[in-house]
Each structure stands twice: as C-alpha cells, then as structure tokens.
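Accompanying notes for the structure given below.
The values are calculated or read from the model by the stated rules, or taken from the named source; none is laboratory data. As the structure is a computational prediction, the values presented were derived from the model and not from experiment. Positions of Cβ are backbone-derived with ideal geometry, glycine not excepted, and every protein chain shown enters the neighbour counts.
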C-alpha cells in the first residue's frame, strides 16, 4: 500500500503565508521558490545560495549589514594578531607537542601503499581484458584511494603497490575501478567507461572461486562500500557480495584472529590466508562494519549478531589500534546490532519498544562522552542515522495518536533536520588551498551508505512533516527548507542523466507533487523491512505518480530456437572411442546398488536376493 498522498496538487507543502526566501527578501526581489520546490529559487540556484523560507525573518538594511561586516572583519583581524603574538612569545611544551602529534597520527589511516617502488616493475602499461592503462593513471588512482577512500574503510595493512599488482590483481583492479567511477583522473577521464565491462567479467569469475584469499575479501568489502552503478536500487548486488565476503572470512577463521594471540589458521585446511594478524583482524572488523551498515540501510537482519560474535568484536576493539573515528563507528554499529534483535522480536509492544529506545539513545549518547577525541561531524551524522532507523521502525508499527509515537516523531524530526544540516554544512564548507578536488568531487568519495542515510532523512521529512496535514506550519516549513538542501546536494552531484544521484533528486521532486494529506492511518506495505519501509513505500508512490505499475509482472523467459545452442556449436564426442578408464557416474552407482542389494548376506533379514535389479532410466 503506497503512501496515501498520491493526488497531484500544489507543489509547496502546507499553508504558505510567506512565499519569499530569506535571500530574495533581503534583496527585495521576486522569489519563485514556491513554484520550484524542492528546487531552490532561480536566484539562489544561480548564486549557489541556501534557499530557505523563514516567516520570522526580518530584512536587515544595507547600512547595518555593512557595519556588521566591518565589525566582523576587525574582530577577525584582532584575533589573528593576538594569536600571532601568543605563538611568538610562547614556546611549545615538548610533551604537549608529542601528544598532539601522536593524536594526529592516530587519526590517520593505518595504511601506507608504497608508490615509489612502482617504477621498479619495469611496466609502462597494464592490461585488463584488452583495456590498456599507463602507470601514471595507476599511481594517480592509488594516491586518491589512500587519501580519500581508505580512511572510511581502513582494512588494508602496509603494502606496496608492486605487491598488490603482482600478488592481488583483483584488489588492484577493484581499487582502480572504484576511484575511476567517482573521480575524474586527469591522465584518463574515460577510464571507468572502458574498464566497466572487463572488470565485471573479472568480478563474476573471482567472486565464486574458492578458496578466497584475504585480498579478495578486502576487494569485495571495498566494492560493497563503493558499489558500481545500477539502473535500479533493487539491482545492487552489494548484499550478496557482502554475504560471500562474510562467509569466506568465517571459513578462514578471521573471526578468531587476534593481534595479541597471533592465531593463524592452517593454510592447508582453509587455503591461502595471507596478511598479518592485525590485517586479518581489521578485515573481520570490516566485514562486521559493512554487513551491519548494509543490513540497517536495507532493512534486513544483521549477518553478524550473535552475543558471542558481538562480545568478541567488542573485546577486539579494546585491544586493537584502529583510526579513532572508524573505531567509534564500529561501536555505534555494535550498539545497533545488540538492540535490533530485541526490537524486531518484540513487535507491537509499545512499552518494550519505548524502554529499548531509551536504552539505545542512552548507549549512543554515552559513546560521545566516552570517546570524545575521535568524535567528528561525520560520526555525529552516523549516530543520528542509526537513531532515525530505530525511531522509524517503531513509528511504522505504532498506533496513531499514541503519546509514544508523537514523541518519536519529534525525535525523528530533530534527527532528520540535524542530518541534513550536517550534510549541507559539509557540502558548502571551504576547502584548503592545497586541495586538488572540488567540494562536489570530494563528496563523491563518501560511501554510498552516507547518501542512503541522507535520502532516508529526506523521505522521513516529506512523509511525516512536509506533506503531512497534521504537522504544524512551523514543522512543515522547517522540513521543506531541509528538503531543498538535500535535493540540492543530490542534484549537484549528478553528472549523468539518470545516475543514482539524479534519480534520488527526481524521486524527491515527484513526491513533492502530492497534495498534503494525513499519514496517521497509513502503514508501509512492506512492514518487515524495518525503518526502510518508508523508503520503499516512497519509491512505489513515485512510480504510481508517474503512471507506472507498482507490481509489474515478471516476464517469462520463453525457450525459442534462437536461445537453444546450435547443432554445429555442440560438441559430439565419439561414442565409439575406447576409454576404459572413464565410466559414466550413474552407471557406476547402479552397478554398486545392484551388487549391494544382491549380496546373499541380506538373507538373515529375510530380504530375498532376487530383488528386481535397478536400471537406468530417463529421470525426472
């Protein structure tokens, strides 16, 4: 059942006594924000301004604005002079400097991919399925990977580029393809288009080839965090690849690896393991991170969620040295995995749900107090996304009008607004002068789950506030302003028509064409997908608004003469050729069965020895 807001109507939510955004109001210009929602108004879009509508905004005269700017400049100048005098007169404490340096190093990724030895290979070009790239492109791609990608998934140990190419080709090409998709390489801007098909063939060959060494598990985790483009989200195979990686890690006993014990499973029994004890442990932590994050964003049960597994990971975190931000993200997902089982198994019990959510909020808030050093805005955003998923899980199954549901809606509103605010601030922050990437290019290096969380928060605001008649005017306006921010981010990141960013922006635009209605009596049609149910419902609603069927018929694959192999393509072995060493498997089994059941020793069980013999037939 889609969201009951499917009628076409004015595009701005709720009652709109104020129709001008703050920027246009300040400049006394006409504003078309109402007609363009969720796009920003024409002026804000052209000037790259944040388009928000605030009924309480009062225009500041130009003279006062000039005086305020002059005052701010003087304050900044005085502050800089004071800092310069303080730094020149005060010598730093050696111990303090040492501790600051160590904290900085601890926050850096624990990997060093050595690029200097690449020239020692004597190779000027590299080939994958007939696609040739030069060594300058390879070095550029790996520099981008170590700087922008690896800090989000620090599972690789210190390794040289030469070793990756010679011993781990699947990992080598996975890194290049992931970088080429998201960043324009100056030396080869068409690299991804040329490598896409050859890499897909390589991926399909490698993903089911056993035994799977450590580097293949790492490559699969990387392709799950930064997946290849798909025409529809249902076509994203990340969950399947993640399952293969987790099961391969279990088979290799990575969950029992420990840097302290140095445990290494037998290479003969489980295949080539490779890597140090620390790298194997970090790879298992990466399996937990990727699988738990994917399960949350897809509304599926966590793959690694037994009490013993969670306790082992918690113990490993206490003795392992990981980048602080990544370690905190692991602890956040540990908290989620522990509470998800309780929430799912105690459905429709409002008392238990409320108690569990209070405990979950308390656990997550305690992490910020316990680990303040590694807490960043990205960490804060990740915690808010986790909270929102849990809030929405309970909201979608709670009865309308209950006090607990109203409280959760308010909490969800605050979390969603904060998520979009943090994403918008990051998107518009000024980069250092030594940065070689633009802000939009840097944002495309973020994991896909980051944008899943941003889209989830936007759909939550649309469903429960911006397009909900029961929300008050202030809540509707706050939600609408932040929907514009999120829509602008996705629209700006879109580089191709109908790529994933463009489709997300188009989804928001389609949903905003609905008339505001009440969502109190509505429940998602797929209630078993936890909080993600509202996202799936939004996709179905958008399809209905566009005139497409919600449940399209699955086409049957007809067997035609063209689909059958041609006779000249089928090998015909010489049936008269003598080969006494190879016997048909079914025939040998039947001979054994006849000998077994025809043995005279069965007479003691009154089984006649003249039992009809087994004969081969045509089968089922």
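Here is how the numbers come out for the structure above:
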read-out: Options 40, 55: the member that is surrounded by fewer than 13 Cβ atoms within 10 Å (Cβ to Cβ), closer than 22 Å to residue 474 by Cα and touching a residue at least 24 places away in the same chain (Cβ under 8 Å); value: 55
read-out: Test: residue 474 is surrounded by fewer than 23 Cβ atoms within 10 Å (Cβ to Cβ), more than 30 Å from residue 344 (Cα to Cα) and touching a helix residue (DSSP H, G or I) at 6+ places or on another chain (Cβ under 9 Å); value: no
read-out: Given (1) farther than 22 Å from residue 449 by Cα; (2) in contact with a helix residue (DSSP H, G or I) (Cβ under 7 Å, 6 or more places away or on another chain); (3) modelled with pLDDT of 95 or more, number of the condition residue 181 does not satisfy; value: (1)
read-out: Residues being assigned to a loop (DSSP other than H, G, I, E, B) and surrounded by fewer than 23 Cβ atoms within 10 Å (Cβ to Cβ) - total across region 424-471; value: 16
read-out: Qualifying position, being in contact with a helix residue (DSSP H, G or I) (Cβ under 8 Å, 6 or more places away or on another chain) and either at pLDDT below 90 or surrounded by 23 or more Cβ atoms within 10 Å (Cβ to Cβ) (or both), among 330, 322; value: 322
read-out: Count of residues meeting criterion [in a helix (DSSP H, G or I), surrounded by 19 or more Cβ atoms within 10 Å (Cβ to Cβ) and in contact with a helix residue (DSSP H, G or I) (Cβ under 6 Å, 6 or more places away or on another chain)] in region 199-213; value: 1
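Okay, residues lined up against (1) free of Cβ contacts under 8 Å to residues at least 40 places away in the same chain; (2) under 15 Å from residue 215 (Cβ atoms):
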position	(1), (2)
134	no, no
137	no, no
140	no, no
152	no, no
163	yes, yes
171	no, yes
175	no, yes
